[in-house]
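Please read the structure below before turning to the comments.
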Amino acid sequence: MKKVITYGTFDLLHYGHISLLKRAKELGDYLVVALSTDEFNAIKGKKAHFSYNERKMILEAIKYVDEIIPEDNWEQKVEDVRENNIDVFVIGDDWKGKFDFLNEYCQVVYLPRTEGISTTQIKEELSTK
């Protein structure tokens, strides 16, 4: 079985998120999503609209997602890859080059972002209404 992992906050879920999850799942047989906790988002200076448990519940309903683990810190990726026997690490290409150190442990794939949509864009548009 080929296992894939991706990371994110997945707040205000939109078609760009679904596209990423679908393309990530197509790279293997089993998709693990490391979901940023509320505490980790605070460290990153992000505030999610939905709580960790609410975002987790939403992700659990998506057919491409097989398992969800918490993302608590920047440094856990090597441990996650090893402990979950991950073959492919997937992330958006806005992070290109930032996770190349994981090539020692698994294949690293940077997927193009879905054009025309982002959670930041949605929040900005909603705040001007």
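The values are calculated or read from the model by the stated rules, or taken from the named source; none is laboratory data. Just so you know, these numbers come straight off a predicted model, no measurement behind them. FYI the Cβ positions are ideal-geometry reconstructions off the backbone, even for glycines, and counts take in every protein chain you see. With ligands, DNA and RNA removed, areas are computed over all heavy atoms of the protein, side chains included. Shrake-Rupley method; radii C 1.70, N 1.55, O 1.52, S 1.80 Å.
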Worksheet entry | All positions within the range 42-55 that are at pLDDT 95 or above and under 24 Å from Val109 (Cβ atoms) | Arg55
Worksheet item: What number of residues within the range 7-51 satisfy the criterion of being in contact with a Gly (Cβ under 9 Å, 6 or more places away or on another chain) and within 15 Å of Pro70 (Cβ to Cβ)?
Response: 5
Worksheet item: Which residues, counting only those in the range 1-46, are surrounded by 15 or more Cβ atoms within 10 Å (Cβ to Cβ) and closer than 18 Å to Glu75 by Cβ?
Response: Ile5, Thr6, Tyr7, Gly8, Thr9, Val32, Ala34, Leu35, Ser36, Thr37, Phe40, Asn41
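If I ask for residues that are open to solvent by less than 70 Å² (accessible area, probe 1.4 Å) and either more than 17 Å from His14 (Cβ to Cβ) or touching a Gly at 6+ places or on another chain (Cβ under 7 Å) (or both), which ones from the range 57-66 would you list?
Residue satisfying the conditions is Asp66 alone.
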Worksheet item: Checking Thr114 against (1) at pLDDT 95 or above; (2) buried (at least 16 other Cβ atoms within 10 Å of the Cβ); (3) among the polar types (S, T, N, Q), which test does it fail?
Response: (1)
Discussion item. Cβ-Cβ distance below 6 Å, separation of 6 or more or different chains: which pairs start in the range 96-117 with a residue that is closer than 20 Å to Glu26 by Cα and end on one that is open to solvent by less than 90 Å² (accessible area, probe 1.4 Å) and part of a loop (DSSP other than H, G, I, E, B)?
Written reply: Cys106/Ile86; Cys106/Asp87; Val108/Phe99
Worksheet entry | Filter pass, Asp87 being among the acidic types (Asp, Glu), open to solvent by 30 Å² or more (accessible area, probe 1.4 Å) and under 15 Å from the mean Cα position of the chain (by Cα) | no
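For the range 19-32, how many residues meet the condition of being part of a helix (DSSP H, G or I) and not aliphatic (A, V, I, L, M)?
4
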Fill in: Number of the condition not met by Lys46 [criteria: (1) assigned to a loop (DSSP other than H, G, I, E, B); (2) farther than 14 Å from Gly8 by Cα; (3) charged (D, E, K, R)]
(2)
Worksheet entry | Condition broken by Asp80, with the remaining ones in (1) modelled with pLDDT of 95 or more; (2) buried (at least 16 other Cβ atoms within 10 Å of the Cβ); (3) farther than 17 Å from Ile5 by Cα satisfied | (3)
Item to complete: Would you point out which residue out of Leu35, Leu59 is part of a strand (DSSP E or B) and farther than 18 Å from Val109 by Cβ?
Response: Leu35
